[in-house]
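The block underneath contains the structure these notes are about, expressed in structure tokens.
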Amino acid sequence: MVRLAHGSRAHTGVMLGPKSLGQSNEGRIGRFAFHSTLFALWWSCGLSTAVPWDALCSARHAMEPMRHEFHTQGSFPAATLVAERLEVDLAARGVVCNATRRCKVIAKDAATVEVCLAVSPHMCDPRSEPQQRVGGVAPRCYRFNVPRLVGWARRAKSRHPYAYSTRDAGVLWENKPGRPSNGSRDFETLEALMRASKLYTEHSGTRPAACAFAASGHDLRCAGRGAQIDAHERVYRANGGQQFDNPLRTPVAKALHIDAALAGARTSHRINCLFGSKALPSASSEVCVLPMLWWKRAWGTEHSSSQPHLCCAPPIQSKYDLASLVRANASRARLAWFSPTLTGDAVLDKVLAGSGGNALALAISECDSVDVFGVGLFSARIEDPKVYTHFYDDSVRMSCDRGVPKHTTLATDRLQGELIMHLMHALGIITWWQ
């Protein structure tokens, strides 16, 4: 803790009891409205069409992981070799193509790989806001620059990923809207917090050899790799997944954690660790990494969402402004400022800009090798919708809401994220376990 100067399960039906003696019409109407609201909430969460986890896990496809070596120096992998690996892995995963309806993956030139899917994919998020529950249809073909992605990973591994002062942050701090002036009380308080983070983020001579990034997708629930995750030197997570003291409850999830045998129990680094702007007790044993967006939000307005289910619960925001950080520090949260390396590619940077992308980018920066768990979309068949679901949801949906799928941006972003995980795996930047 830094010493700072002073100042510095859902209701599943409507149950109305018998009329009580002397009960007023207002009372009956009030109770009816209350239960009607609960029923509407239950319906809006998609619980009326939910299925048990066994149904999803038995329909899940997975590729056998093969660890490819990543070279931090020398020539880039040939685009033709990367294309061959991608085609095999995409068919094995069975989400956007399979062994009988294969994706077309070709090297357009020495640097560019093009992936054309077997079908035009419909993607949705069944537990999000209404428009996203209907989803959208993404394009079939995508192009990726291999040297750009490899170059980014090499740069990320060659520099320290944390900022211990505003000077370390460079243009990130200079471009922060409304930042306090040098020498002001707010500036000095922030500098003290940032300096203190060196105690638990500075390397002690050697990089961690093997780290895990555990995301929040369905594979964690289905594959049961908890012990494998916990065996790594470091475990990176984002948001509230496996945060055992997180009190959040929604009609979709009784808790944000499950059996450690499935998803692991350890977390060494967490992006977006605060809940309701407060540090939970677990924050004292994890490195609480401020999300990349902290640098882009105006001074005093820094915040991030703590709500995993936009479908069915009020939004919960966590403030990351200076006052909240001072309180978190007093609660022994181990705060750290991530100073990310950007790729220079709009698509790649967009994937890495989310909280999960932050955690993955940080793990790649800090560790020699990174095993990835719990990422990616689910689809029973390649012609079926691609859906995203959290491992801690009590039940799951394997379909989208009815309607005209118009949310093309959502679908495209999610599909690009899926393909970039494949590309990172093919290049040896990560090993993707399913």
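No lab work stands behind these numbers, since they all come straight from the coordinates. All figures in this text were calculated on a predicted structure; none of them were measured in a lab. Counting neighbours? That spans all protein chains shown, and the Cβs are built from the backbone with ideal geometry, glycine included.
Here the range 217-284 is assigned +1 on the Cβ of each Lys and Arg and -1 on the Cβ of each Asp and Glu. Its dipole about the Cα centre then comes out at about 160 debye. On full extension, the segment bounded by H160 and T49 gains 35.3 nm, given 0.36 nm per residue less the C-alpha separation.
Shape analysis of the chain based on the Cα gyration tensor places the equivalent ellipsoid semi-axes at 35, 33, 19 Å, largest first.
Per residue of the chain, the DSSP helices (runs of n ≥ 4 H) give a summed -39500 (n - 2.57) that works out to -9500 deg cm²/dmol at 222 nm. Taking R0 as 25 Å, what FRET efficiency do you get between D245 and E69 from their Cβ-Cβ distance, rounded to the nearest 0.05? It comes to 0.05. Full extension of the segment from T112 to A255, taken as 0.36 nm per residue of separation minus the current Cα-Cα distance, would add 47.2 nm. Only one residue of L248, A260, Q307 has its Cα farthest out toward the positive end of the dipole of the range 227-315, where Lys and Arg carry +1 and Asp and Glu -1 on Cβ, and that residue is Q307.
Take the Cα of D186, go 7 Å toward its beta carbon, and the backbone nitrogen atoms of the range 319-333 under 15 Å from that spot belong to 320-326. The phi torsions of the range 289-294, fed into the Karplus equation with coefficients 6.51, -1.76 and 1.60 and a -60° offset, translate into couplings of 8, 5, x, 3, 4, 4 Hz, rounded to whole numbers, with Gly and Pro shown as x. Rounded to the nearest 20 debye, the dipole size of the range 141-278 about its Cα centre is 400 debye, using +1 on the Cβ of Lys and Arg and -1 on the Cβ of Asp and Glu. Of the GluC sites (Glu not before Pro) in the range 324-428, the ones in a loop by DSSP (not H, G, I, E or B) with at most 13 other beta carbons within 10 Å are E383. Computed from point charges on the beta carbon alone (+1 for Lys and Arg, -1 for Asp and Glu), the dipole magnitude for the chain about its Cα centre is near 620 Debye. For A323 and A62, FRET efficiency with R0 = 45 Å and r from the beta-carbon atoms, rounded to 0.05? It comes to 0.50.
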